[in-house]
1. Looking for something modelled with pLDDT of 95 or more, under 27 Å from LYS88 (Cβ atoms) and touching a Leu at 6+ places or on another chain (Cβ under 6 Å) - is there at least one such residue anywhere in region 167-183?
2. Condition first: under 30 Å from LEU71 (Cβ atoms) and buried (at least 19 other Cβ atoms within 10 Å of the Cβ). Can you find one or more residues in region 182-199 that meet it?
3. Report, ordered by the first and then the second residue, all pairs with beta carbons closer than 8 Å, sequence separation of six or more or different chains, a first member in region 205-216 that is within 13 Å of ALA19 (Cβ to Cβ) and open to solvent by less than 10 Å² (accessible area, probe 1.4 Å), and a second member that is among the hydrophobic types (A, V, I, L, M, F, W, C) and assigned to a helix (DSSP H, G or I).
4. Give the residues of region 153-164 that are open to solvent by 50 Å² or more (accessible area, probe 1.4 Å) and under 20 Å from the mean Cα position of the chain (by Cα), sorted by residue number.
5. Identify all residues within region 185-196 that are of a type outside the set (Asp, Glu) and free of Cβ contacts under 8 Å to residues at least 40 places away in the same chain; write none if there are none.
6. For THR140, state whether it is of a type in the set (S, T, N, Q), more than 23 Å from LEU34 (Cβ to Cβ) and either open to solvent by 80 Å² or more (accessible area, probe 1.4 Å) or modelled with pLDDT of 95 or more (or both).
7. Take ARG90 and tell me if it is closer than 28 Å to ARG54 by Cα and among the basic types (Lys, Arg).
8. Which one of the conditions (1) in a loop (DSSP other than H, G, I, E, B); (2) surrounded by fewer than 18 Cβ atoms within 10 Å (Cβ to Cβ) does SER130 fail to meet, given that it meets all the rest?
Amino acid sequence: MTETAIAASLAAARARIDAVCARVGRDPDEVELLPVSKTHPQDALRAAHAAGYRRFGESRPQELEAKASGLADLGLGWVFIGHLQSNKARVVADLADEFQALDSLRLAQALDRRLQALGRRLPVLVQVNSSGEATKGGFTPDEVPAAVRDLRALDGLDVRGLMTLAANTDDEGAVRACFTTVTALQARLRDEHGGGFDALSMGMSGDFEVAVECGSTCVRLGTTIFGARALSAP
């Protein structure tokens, strides 16, 4: 896609988010549009940066390293949004500004060790498997409260909220149920811990308007912004 096309896609998606916010009485400034740049070339990120965007979602450690190096002149912020193996925790600890897919205590401990060695504290979101699909990672809703208590004991992690991927279906009711499950968990955690947990990363290209209706504070948009995924990214 051209720089002009990417800028137009960003503007159109932002307008859709703002329209939902107006309809349900939310402040549009509460909802971040996070361009998901995984598999897309560095020129596409430069185009989005020219349109005013500074944070990008990546899900492959090697690709994150390459882009962080190749785009260092832009001073971008990197949000890691994919499944991460514990032996790759170093990359996220070193380079990411936020990790939105924390799905196990083992991974959290690996991240914490690296972060404490670096003297860093990393904002993280706990991934919730709200759909119950075996193909999706994350803690079950019933596991989340105990997991959060364990995660908050790790000094290198700043637990800011929750993330989910909705059910892979065209049934809007099933998708909405996934999102409301997570907002209910957010309310429970706030009650238990006396506030916090303000971040809810919910919604992708096919369901982000429903997610905003349900309280999402970050929608992760890839194909809506950059078009179909490339087979590989330089």
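1. Yes: region 167-183 contains one or more residues that are modelled with pLDDT of 95 or more, under 27 Å from LYS88 (Cβ atoms) and touching a Leu at 6+ places or on another chain (Cβ under 6 Å).
2. Kept after step one, since they are under 30 Å from LEU71 (Cβ atoms), are these residues of region 182-199: 198-199.
Keeping just the survivors that are buried (at least 19 other Cβ atoms within 10 Å of the Cβ) gives 199.
Yes; the residues of region 182-199 include at least one that is under 30 Å from LEU71 (Cβ atoms) and buried (at least 19 other Cβ atoms within 10 Å of the Cβ).
3. Correct list of pairs: PHE208/ALA13; PHE208/ILE17; VAL212/ILE17; VAL212/VAL20; VAL212/CYS21; VAL212/VAL24.
4. ARG160
5. Restricting attention to region 185-196, the residues satisfying the condition of being of a type outside the set (Asp, Glu) are 185-190, 193-196.
GLN186, ALA187, ARG190, GLY194, GLY195, GLY196 - these are the residues of region 185-196 that are of a type outside the set (Asp, Glu) and free of Cβ contacts under 8 Å to residues at least 40 places away in the same chain.
6. Details: of a type in the set (S, T, N, Q): yes; more than 23 Å from LEU34 (Cβ to Cβ): yes; either open to solvent by 80 Å² or more (accessible area, probe 1.4 Å) or modelled with pLDDT of 95 or more (or both): yes.
The answer is yes for THR140.
7. Spelling it out, ARG90 is indeed closer than 28 Å to ARG54 by Cα and among the basic types (Lys, Arg).
8. It fails just one condition, (2).
The values are calculated or read from the model by the stated rules, or taken from the named source; none is laboratory data. As the structure is a computational prediction, the values presented were derived from the model and not from experiment. Neighbour counts run over all protein chains shown; Cβ positions are idealised from the backbone, glycine included. For accessibility, only protein heavy atoms count, side chains too; no ligands or nucleic acids. Shrake-Rupley method; radii C 1.70, N 1.55, O 1.52, S 1.80 Å.
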